[in-house]
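The values are calculated or read from the model by the stated rules, or taken from the named source; none is laboratory data. From a predicted model like this one, the values you see are computed outputs, not experimental measurements. Here Cβ is always computed from backbone atoms with ideal geometry, including for glycine, and neighbour counts include all displayed protein chains. The area values use the complete protein model at the heavy-atom level, side chains included, leaving out ligands, DNA and RNA. Shrake-Rupley method; radii C 1.70, N 1.55, O 1.52, S 1.80 Å.
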Amino acid sequence: MSDPVQAQYEAYPYPARDPAEEARRLVIGSPSHLLEVNHYLFRGARDFARPFRALVAGGGTGDGAIMLAQQLADAGTGGEVVYLDLSAASRTIAERRAKARKLSNISFHQGSLLDLPAMGLGPFDYIDCCGVLHHLEDPLAGLKALTAVLDEAGGMGLMLYGALGRRGVYDLQAMLGQLCGE
Ligand SMILES: C[S@@+](CC[C@H](N)C(=O)[O-])C[C@H]1O[C@@H](n2cnc3c(N)ncnc32)[C@H](O)[C@@H]1O
């Protein structure tokens with residue numbers, strides 16, 4: 001495999017998840033909790049009974065896509081989630097999690113988000129792209145590809161690794177390092 005990013009996530013799908021866990025808990029997080037999306041992007045006024053299409057770009061093992069699809073299914077509004085990732089191994093885990101939950105409102109796609117403008121999947125009311133754009137040689141080209149498939153009234157939840165994006169993780173690593181060593 002010539003793309004080292006793809007090779008990494010084929011070998012180490014992220015985050016490590018066991019589909020059997022779906023019977024016990026729903027992984028909840030940011031940025032794509034439905035209440036958070038409604039609050040920050042739509043001033044709390046989005047009627048999810050209107051068609052709602054979300055893209056999870058670089059969806060990994062499925063945390064964001066599964067949470068969003070479960071919340072939309074629970075709301076009974078018919079909203080749908082499109083999952084896209086480079087990694088087949090990650091996609092397989094995400095698909096197994098959706099199957100364990102009997103979610104029928106997610107479609108799964110493998111490929112690069114850079115190709116989104118030509119894939120015919122959009123437009124989207126919401127795009128989650130969490131921990132992905134910094135992997136690209138040209139992150140701005142990635143952001144432009146996402147913007148090209150975003151509805152003009154829609155919005156995005158983005159996170160890039162960096163000094164601020166994962167502050168809490170780095171602090172915890174430092175604390176554990178002091179307790180346990182390297
Ligand atoms: C750090 S993981 C984040 C996974 C997920 N968004 C999360 O927060 O749990 C990065 C993911 O981005 C995917 N990825 C990297 N470059 C990509 C690209 N150009 N197009 C689509 N997915 C990509 C990787 O395969 C990997 O699954």
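Here is the figure for the range 41-80: residues that are within 16 Å of the ligand (Cβ to nearest atom), outside any helix (DSSP H, G or I) and either of a type in the set (A, V, I, L, M, F, W, C) or more than 13 Å from A94 (Cα to Cα) (or both) total 4.
In the range 28-51, the residues that are over 15 Å from D63 (Cα atoms) reach residues that are open to solvent by less than 100 Å² (accessible area, probe 1.4 Å) and among the polar types (S, T, N, Q) with C-beta atoms within less than 6 angstrom, at least six apart or across chains, in these pairs: G44/N38; R46/N38; F48/T77; A49/T77.
Of all the numbered requirements in (1) more than 14 Å from the chain's Cα centre (by Cα); (2) of a type outside the set (D, E); (3) on the phi > 0 side of the Ramachandran plot, G58 misses one, and that requirement is (1).
Residue check: S30 meets all listed conditions (1) more than 15 Å from A69 (Cβ to Cβ); (2) within 16 Å of the ligand (Cβ to nearest atom); (3) in a helix (DSSP H, G or I) but one, namely (3). Quick check: anything in the range 67-79 at positive phi and open to solvent by 10 Å² or more (accessible area, probe 1.4 Å)? Checking the range 67-79: at least one residue is at positive phi and open to solvent by 10 Å² or more (accessible area, probe 1.4 Å). Listed conditions (1) surrounded by fewer than 16 Cβ atoms within 10 Å (Cβ to Cβ); (2) within 16 Å of the chain's Cα centre (by Cα); (3) charged (D, E, K, R); (4) within 13 Å of the ligand (Cβ to nearest atom) are all met by E36, apart from (4).
Of the strands (runs of 3 or more DSSP E) entirely within the range 81-182, those holding at least 1 residues that are open to solvent by less than 30 Å² (accessible area, probe 1.4 Å) and near the ligand (Cβ under 9 Å from one of its atoms) occupy 124-130.
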